[in-house]
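The values are calculated or read from the model by the stated rules, or taken from the named source; none is laboratory data. All values reported here derive from a predicted model rather than from experimental measurement. Cβ coordinates were reconstructed from backbone atoms using ideal geometry, including for glycine residues, and neighbour counts include every protein chain displayed.
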Amino acid sequence: MKLERLQPHQRDELAKLIHTSLDVWHRTRLNTDRFGNEWEPFRLTVEVYEALDPGCCVVAMDDSGALVGSAFFHPRETHVGVGVVSVHPTVFGRGVGRALMEEIIRLAAGKPLRLVSSAMNLDSFSLYTRLGFVPQLMLQSMTLQVPTAGFPGASTRMRPATMADVAAIADFEFRLNGIRKEQDYPFFVENQSGRWRLAVIEKPDGSLAGFLAASALPPDNLLGQGVAEDEATMLELMRGMLDQHFRGQSVAFILPSRCSSLVQQAYAWGARNRETNLLSVLGDAPPMRAITLPTFLPESG
């Protein structure tokens, strides 16, 4: 096995690998056909990660040169985020995932690493905890079919973010959660693909009360990343995003299980649990004091 960086000509092969890894695991372990038979939507996943952090994907190749594993990583000012980690089913349990993660730990050069992973996958849970990752937050991945009429009475305070908001958003997240990922937010605001949304809510004095991103990316519409000072503000952001951008569509989001009012409102809307997840950290990391909605794309911590 050889570890290298992803090359442009390997993107389709990597999209097929990600699809196969997810599809086989969910079919055999959870008995769900969540990802279908088509790998093409995962080409967009690869393109998003490469656009956000060019060259930040480690791939594992077997002796024939075929891809058997991959792991994206996202260097940020305060940490390194670990993105999608995929291993081909033919080499499950043969140390490919560990080799990829050890390489990312090496590349992090002492910075803390942060990742969101499935709490239902004991193989990945064992891998990460053996490497020293410590779960910080229990999460639940949920899906919601938004009514065609939306949610009447949605926020009138919520507005689209602009480039002028980027520094304030980064400062806000750093103040509350101790992490900084300023390069994520221009990516959302510029919205070159037309698939991204980023909204903010301000307090009467003009300072931020919260922000929330959303994306329309196959195979899911997603809410997140998002940070708010309190659950009421995050609920207002969620309701506003769902009403303005996703009427009549299915949307996935990840909620901290400790945020009871958010979870209960999601159930009241008709949301269903899809998976349980953990936010885990390797290295010194400050406690998260904000109401935080992570996401799987882009997953930068």
For region 1-104, please list each of the strands (runs of 3 or more DSSP E) lying entirely inside it that holds at least 1 residues being polar (S, T, N, Q) and in contact with a strand residue (DSSP E or B) (Cβ under 9 Å, 6 or more places away or on another chain).
67-75, 80-87
Out of (1) under 23 Å from Cys56 (Cα atoms); (2) surrounded by 19 or more Cβ atoms within 10 Å (Cβ to Cβ); (3) at pLDDT 95 or above, the one Ser124 does not meet is (3)
In region 77-97, residues that are without any contact (Cβ under 8 Å) to a residue 60 or more places away in the chain and within 21 Å of the chain's Cα centre (by Cα) total 2
Log entry, pairs with first residue in region 98-113 being on the phi > 0 side of the Ramachandran plot, second being surrounded by fewer than 20 Cβ atoms within 10 Å (Cβ to Cβ), beta carbons closer than 9 Å, six or more apart or on different chains, reads Gly110/Gly283
Hey, any hits in region 249-266 for a residue that's in contact (Cβ under 8 Å) with a residue 40 or more places away in the chain and assigned to a helix (DSSP H, G or I)?
yes
Counting only residues that are within 11 Å of Ser261 (Cβ to Cβ), of a type outside the set (Gly, Ala, Ser) and not in a loop (DSSP other than H, G, I, E, B), region 226-247 contains a total of 3
Taking Thr129 as meeting all but one of (1) within 25 Å of Phe253 (Cβ to Cβ); (2) of a type in the set (Ser, Thr, Tyr); (3) not assigned by TED's automatic domain parsing to the domain that holds Arg43, write down the number of the exception.
(1)
Within region 156-179, residues closer than 19 Å to Ala214 by Cα and part of a loop (DSSP other than H, G, I, E, B) come out as Thr156, Arg157, Met158, Ala161, Thr162
Taking the condition at pLDDT below 95 and surrounded by 19 or more Cβ atoms within 10 Å (Cβ to Cβ), does Thr233 pass?
no
Which number in (1) modelled with pLDDT of 95 or more; (2) assigned to a strand (DSSP E or B); (3) buried (at least 17 other Cβ atoms within 10 Å of the Cβ) marks the one condition that Ser215 misses?
(1)
Got a number for residues in region 189-240 being within 14 Å of the chain's Cα centre (by Cα) and among the hydrophobic types (A, V, I, L, M, F, W, C)?
9
Can you find a residue in region 188-196 that is modelled with pLDDT of 95 or more, under 23 Å from Gln249 (Cα atoms), out of contact with any Phe, Trp or Tyr (no Cβ under 6 Å at 6 or more places or on another chain) and of a type in the set (Ser, Thr, Tyr)?
no
Counting only residues that are among the acidic types (Asp, Glu) and surrounded by fewer than 19 Cβ atoms within 10 Å (Cβ to Cβ), region 141-196 contains a total of 3
Run down Val134, Val116, Val146, Val82 and say which single residue is at pLDDT 95 or above, touching a Ser or Thr at 6+ places or on another chain (Cβ under 9 Å) and in the same structural domain as Pro218 (by TED's automatic domain parsing).
Val146
